[in-house]
Amino acid sequence: MSASSLPTVLVLSSSGKPVYCWPQEIEGLPGVAATAAGLLAFAGTLPPRRSGRSTIVLLDRPPLALVAVSNQGEPAPVLRMQLSLLHAQLESVLTRSALGVLFRKAPSYDLRRLLGGTEKMLDALVCSWARSPAALLGAYPSLALPQPRRRVLATHLDIALGSTRGHYALLLGPAGVVALGAAPGRPPLTQWEVLLLLNIVGVLGDEEALTPVCLPHADPTALLHAYVRRLGGEGSTAGASPGAGLGPLTLALLVPGAPDRASLAAAAARLAPVGHLAGASPSLAVRDLPSSLGGGPPGTTPLLHYAYRLTGGAQFVASPPVGDGRLQQAIVLAYSQVRAAAYDRGSEAEGPLCGVRMERRPGLALAAVLGKEGELLAAYDALSKCEEVAAHCARLAAWLRAQHASWFS
């Protein structure tokens, strides 16, 4: 991922010491950090600023402060949301209480000593902003799976939680969340915590791993242990469209106290054979959509990509990223802009305007269908005709709305 195509991100302590930066080398970093610390000390969290083509967002989260500078055109609310997610990822490693105690005792402490090895996790989170619309939608990717099958898998997760005295369980496929589980009396995971856990699991990469983790929304003071195990099985693809299989499944169990690795491994082993219960997942790839919805092989349809979020919900579904990384990044950026424009209409009403919004960008035509039930963002070839895009988009949105009961938990 090109560093120049992403925001410049800086995390520093309240005393002005750099904690983390993207890209890893920022010219004049100490001076930039000192300037940002001075601004925040004087005015707290500042409103977004523009300097030429650059948008500057500062977020004060004592004892840390975060800065994002972008010249790509990301809306300020999206940059602020991304900084909030980055801050939560830091808290997932160190806990809020530990940070507070540390800086009360040693305000000038160099936090990078404690973050050794976690930069990879933070880098992965920042890079994901260019590939996935998750952060700008405020939702996690959910596998399009019929509810009866999802409930069966959730039951097996509940059994695993009971046998390990765990707090939370996640069953994940390469394309998103298959099922979630929470122990009785535990609040459900927020979409932000699911996104943080997805990033952690993606970075670990091992067949089996055990790592401490804090859930900053559920309990910002407590550390759990996340046991991650690649189950290796695949959901059945019999009779499904190409690309409709679940792919290899991954289990994540979050347990308190000293983890019993043997019992965790046994729970994972019992879960491994049940992946086939998920059956086939409907393919969301553009090539597999009906032609009436704008589907078809590359080059035969103007539709490039789409993402759909349940209004007010924590989940979204999307077609797979396009093969061209630069094009996918341009699509995600355009999504953030058209969505922000739809919500920023200068009225007193809450929520976006309902209806279809269309905009053009270099190389792209964008459409957004915003309604009370869901919101669809779709990217089309730049030469697409407006009436064709509007018709396809309206039909695609109606088709996706019809899947609410079966796809979203």
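What's the number of the only condition in (1) in a strand (DSSP E or B); (2) within 16 Å of the chain's Cα centre (by Cα); (3) β-branched (Val, Ile, Thr) that THR211 fails to meet?
THR211 satisfies all of (1) in a strand (DSSP E or B); (2) within 16 Å of the chain's Cα centre (by Cα); (3) β-branched (Val, Ile, Thr) except (2).
List pairs: first in the range 350-366 and not assigned by TED's automatic domain parsing to the domain that holds LEU376, second at pLDDT below 85, Cβ under 6 Å, 6+ apart or cross-chain?
none
When you scan the range 291-334, how many residues do you find that are in a loop (DSSP other than H, G, I, E, B), free of Cβ contacts under 8 Å to residues at least 60 places away in the same chain and either more than 25 Å from the chain's Cα centre (by Cα) or surrounded by fewer than 17 Cβ atoms within 10 Å (Cβ to Cβ) (or both)?
Taking the range 291-334 as the starting set, the residues that turn out to be in a loop (DSSP other than H, G, I, E, B) are 294-302, 311-314, 319-324.
With the extra rule that they be free of Cβ contacts under 8 Å to residues at least 60 places away in the same chain, the set shrinks to 295-301, 312, 319, 322-324.
Add one more test, that the residue is either more than 25 Å from the chain's Cα centre (by Cα) or surrounded by fewer than 17 Cβ atoms within 10 Å (Cβ to Cβ) (or both), and what stays is 295-301, 312, 323-324.
Final tally of qualifying residues: 10.
Please list, ordered by residue number, the helices (runs of 4 or more DSSP H) wholly in the range 111-202 having 2 or more residues that are among the β-branched types (Val, Ile, Thr) and surrounded by fewer than 19 Cβ atoms within 10 Å (Cβ to Cβ).
Values: elements: 119-131, 134-137, 147-164.
Result: 147-164.
Take the conditions at pLDDT below 80, under 19 Å from HIS217 (Cα atoms) and among the small types (Gly, Ala, Ser) and apply them to ALA98. Does it pass? If you could, list the steps in order and put the result at the bottom.
Details: at pLDDT below 80: yes; under 19 Å from HIS217 (Cα atoms): yes; among the small types (Gly, Ala, Ser): yes.
So ALA98 passes the test.
Show the residue pairs that are 6+ apart or on different chains and have beta-carbon atoms under 7 Å apart, the first residue being within the range 64-79 and outside the structural domain of ARG339 (by TED's automatic domain parsing), the second being of a type in the set (Gly, Ala, Ser) and in a strand (DSSP E or B).
Between residues of the range 64-79 that are outside the structural domain of ARG339 (by TED's automatic domain parsing) and residues that are of a type in the set (Gly, Ala, Ser) and in a strand (DSSP E or B), the close pairs are LEU64/SER13; VAL69/SER54; SER70/SER54; ASN71/SER54; LEU79/ALA68; LEU79/SER70.
Could you tell me how many of the residues in the range 371-409 are without any contact (Cβ under 8 Å) to a residue 60 or more places away in the chain and within 26 Å of ARG326 (Cα to Cα)? Break it down stepwise before answering.
Here is the first cut: in the range 371-409, the residues without any contact (Cβ under 8 Å) to a residue 60 or more places away in the chain are 382, 385-387, 390-391, 394, 398, 401-402.
Of the ones still in play, those that are also within 26 Å of ARG326 (Cα to Cα) are 382, 385-386, 390.
Residues meeting the conditions: 4.
Which pairs do you get when a residue that is at pLDDT below 65, found in the range 274-285, comes within reach of a residue that is among the small types (Gly, Ala, Ser) and crowded, with 18+ Cβ neighbours inside 10 Å, reach meaning Cβ atoms under 6 angstrom, with the pair 6+ apart or on two chains?
Listed by first residue and then by second, the contacts come to ALA278/GLY235; ALA280/ALA244.
The values are calculated or read from the model by the stated rules, or taken from the named source; none is laboratory data. The shown structure was predicted, so the numbers you read here are calculated from the model rather than taken from an experiment. Please note: Cβ atoms are built from the backbone with ideal geometry, for glycine as well, and neighbour counts cover all protein chains shown.
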